[in-house]
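The values are calculated or read from the model by the stated rules, or taken from the named source; none is laboratory data. Quick caveat, the model's predicted, so the values are computed rather than measured. So basically every Cβ, Gly included, is an ideal-geometry build from the backbone, and we count neighbours across all protein chains shown.
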């Protein structure tokens, strides 16, 4: 347990120093919300402003984009050609994987919650107990994203391939969920396709809670994210092999 704590502290420090999380989960969403809010401000009414809309939909999307950071964290030692130190050390597979998942979860959660609170105050989202539930959902999403990202990262050798693999489905899910522009249809087939995106349900329940005070949907989402995250973490541990951990490729990488 002491070794795990040390690893988590070390990995958390690396996540903070590299700056990916600050870029993806703080700077990027604030810039997008500001730009899209200005461009579409005349398309929204008085109940929900364009800034409020994009605050609600953009932060969960950027939380999912952290998959790339988590995938990189999964095998960054291999990319730096220093993984042999980890392999030779008296550290178990479970400790290696959990330290990466927990460190990513901590940093992602702090960044996502910070961004939501700042944007919520700036663009005056309805305040109340709902904010606490939204932060809990962002923590649960961060945990699931970290687990999936580390699983993908430790299972593949080429980071650029992983990055491209992640970008496409996350981007499609974002479009289907109305992240970049609101989508609405009365066609049941099209609506069924849009509902395939997990972000569609996240955004729907967030709006229902913030503006209609319906909290049950978000509570269910939190539970689902945590349960799925636990199962994926267990799967990542069972499939992790120290021998494979040594091999990784990131062209142009410099320590």
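Some values worked out for this structure:
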| read-out | value |
| --- | --- |
| Unique residue being in contact (Cβ under 8 Å) with a residue 24 or more places away in the chain and closer than 17 Å to residue 76 by Cβ when the list is 170, 139, 145 | 145 |
| Count - residues of region 21-59 that are at pLDDT below 90, within 17 Å of residue 107 (Cα to Cα) and either surrounded by fewer than 19 Cβ atoms within 10 Å (Cβ to Cβ) or in contact with a strand residue (DSSP E or B) (Cβ under 7 Å, 6 or more places away or on another chain) (or both) | 2 |
| Every residue from region 13-48 that is closer than 22 Å to residue 137 by Cβ and not in a helix (DSSP H, G or I) | 48 |
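For every residue, the table says whether it meets (1) under 17 Å from residue 13 (Cβ atoms); (2) more than 17 Å from the chain's Cα centre (by Cα); (3) in a helix (DSSP H, G or I).
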residue: 69; (1), (2), (3): yes, no, yes
residue: 78; (1), (2), (3): no, yes, yes
residue: 103; (1), (2), (3): yes, no, yes
residue: 114; (1), (2), (3): no, no, yes
residue: 118; (1), (2), (3): no, yes, yes
residue: 125; (1), (2), (3): no, yes, no
